[in-house]
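Taking it in order: structure first as structure tokens, then the write-up.
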Amino acid sequence: MASILVGLALFVGCLAAWWFYWPIWKVEAQVRGKLPTSSATFSNVKYNRATGAGCGFVNAGTGRGVPHGTTHFILLPDGSLKFDPSDRVTGTTLQQLEAIRKHSDYLALVYARCA
């Protein structure tokens, strides 16, 4: 009887790990595959089952097409990867407006896909 309960507990534990952590592992693997280096570290990665998007923070540290340091990312269901814009809000008024537009577009995407 005890071995049946232990087996059942192991089955439920494996099922829970697959249900909750498998999508996060898949998101990390897909993002890592799109980065120029495989030595990326991730934090606060979440998968939204309703939208099919993965969101979190990545530190790739290369700078070749990827922002330096830790930055927020969104992995969309079609496989495209978006990073938080690193554009600073400086320059002429037109440059500032363009930087603010990029930031607001990204935040709208975060709200629609990650929340």
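The values are calculated or read from the model by the stated rules, or taken from the named source; none is laboratory data. Owing to the predicted nature of the structure, the values given are computational and were not obtained by experimental measurement. Methodologically, a virtual Cβ is constructed for each residue, glycine included, from the backbone with ideal geometry; neighbour enumeration extends over all protein chains shown. We work out accessible area using only protein heavy atoms, side chains counted, and drop any ligands, DNA or RNA first. Shrake-Rupley method; radii C 1.70, N 1.55, O 1.52, S 1.80 Å.
Below 12 angstrom from the Cβ of Tyr21, what's the summed charge of the other residues (Lys, Arg +1; Asp, Glu -1)?
Residues close to Tyr21 contribute a combined charge of +1.
Accessible area, 1.4 Å probe, largest first: how do Tyr111, Tyr21, Tyr47 sort?
Values: Tyr111 175, Tyr21 125, Tyr47 85 Å².
Per-residue accessible area, sorted high to low, gives Tyr111, Tyr21, Tyr47.
Would you list, by chain and number, the lysines whose Cα falls below 16 Å from the Cα of Lys46, excluding same-chain residues fewer than 8 positions away?
Once the sequence-local lysines are set aside, what remains near Lys46 is Lys26, Lys82.
So for Arg32, Arg88, what's the accessible-area order with a 1.4 Å probe, most first? Don't skip to the answer; put the middle values down first.
Values: Arg32 80, Arg88 180 Å².
Reading off the accessible areas and sorting them downward yields Arg88, Arg32.
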